[in-house]
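Only one structure is covered here, and it is reproduced in the block below.
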Amino acid sequence: KAGVTQTPRYLIKTRGQQVTLSCSPISGHRSVSWYQQTPGQGLQFLFEYFSETQRNKGNFPGRFSGRQFSNSRSEMNVSTLELGDSALYLCASSPGTGDYGYTFGSGTRLTVV
Amino acid sequence: AQTVTQSQPEMSVQEAETVTLSCTYDTSESDYYLFWYKQPPSRQMILVIRQEAYKQQNATENRFSVNFQKAAKSFSLKISDSQLGDAAMYFCAYRSATRGNTPLVFGKGTRLSVIA
């Protein structure tokens, strides 16, 4: 059974650009969550999608957005990149509620220069 | 808002010895889930153990066990017979069971080193 797949693994972008990260959940999982991980702030919740609908949203500016497709694959987009957006972005999937925990991917390391 | 605190930024343990990682949390809820996740250098967060707050029995998964003290809001992880592969960042996480679909709230993590 394939795990959660995130692409790309590494990304370098310039300030002001935009970026799109991709996440393919475990087959059958309908919930996809995104987290930002930085040394200073730790793991912070960005948003969660379930059946193509945003079910929950963290406290991030509108430059951060996401979507989920009918096959449960999800993308997150960050526009007008800032140096502070440099982080590891982790995607996690669950069958539905997450009561039994989430399965995480290996993340996308984004560096903004 | 719920918060999770891991007071030990770094810990080390000798191979084959036992180590305990601390976690405390703050909540006014009575029903919730607690998790320990492991993040090795590969970066993937791996679920180590899960505890349901309404179950008094401490969860156990092979060499990993927890000491769940609900009244004290404490949830420590004990690793027995430590192995080199246990070296990683360990994160404690909280999830409400009463407020619908809420996300995980993580602590800042504890970096565990295993000495051969």
- Considering the Cα trace of chain A, what is its radius of gyration and what is Dmax, both in angstroms? 13.2, 39
- Query: Across all directions of projection, what mean area in square nanometres is found for the Cα convex hull of region A:1-41?
  - Reply: 4.3
- Query: Per residue of A:16-26, how many C-beta atoms from partner chains lie within 10 Å of its own C-beta, taken as a mean?
  - Reply: 0
- Query: On alpha-carbon atoms, Rg over Rh for region B:48-116 using Kirkwood Rh?
  - Reply: 1.00
- Message: Over the Cα atoms of the protein assembly as shown, each weighted equally, I'd like the Debye log10 I(q)/I(0) at q = 0.11, 0.17 Å⁻¹, rounded to two decimals.
- Response: -0.55, -1.25
- Quick one: net charge around residue A:88, please, counting Lys, Arg +1 and Asp, Glu -1 for every other residue with C-beta under 14 Å from its C-beta. +2
- Intensity falloff of region A:73-113 expressed as log10 I(q)/I(0), Debye formula with alpha-carbon point scatterers, at q = 0.13, 0.23 Å⁻¹: -0.38, -0.83
- Query: Near residue B:55, which aspartates and glutamates are there with a Cα under 12 Å away, not counting those fewer than 8 places off in the same chain?
  - Reply: B:31
- Query: Using the beta-carbon distance between residue A:22 and residue A:82 and R0 = 30 Å, what value does 1/(1 + (r/R0)^6) give for FRET efficiency, to the nearest 0.05?
  - Reply: 0.90
- Query: Beyond 23 Å, what share of the Cα-Cα pairs of chain B remains, rounded to the nearest whole percent?
  - Reply: 24
- Message: If you take every residue apart from residue B:83 with its C-beta less than 11 Å away from the C-beta of residue B:83, what net charge results, scoring Lys and Arg +1 and Asp and Glu -1?
- Response: -3
- Cα centroids of region A:2-75 and region B:70-116: how far apart, whole angstrom? 23
- Which lysines does residue B:38 reach when only Cα atoms under 20 Å apart count, and residues fewer than 8 places away in its own chain are ignored? B:78, B:108
- May I ask you to order B:36-46, B:2-12, B:85-95 by the average number of other C-beta atoms within 10 Å around their residues, highest value first? B:85-95, B:36-46, B:2-12
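No lab work stands behind these numbers, since they all come straight from the coordinates. Nothing here was measured: the structure is a model prediction, and the numbers come from that model. So basically every Cβ, Gly included, is an ideal-geometry build from the backbone, and we count neighbours across all protein chains shown.
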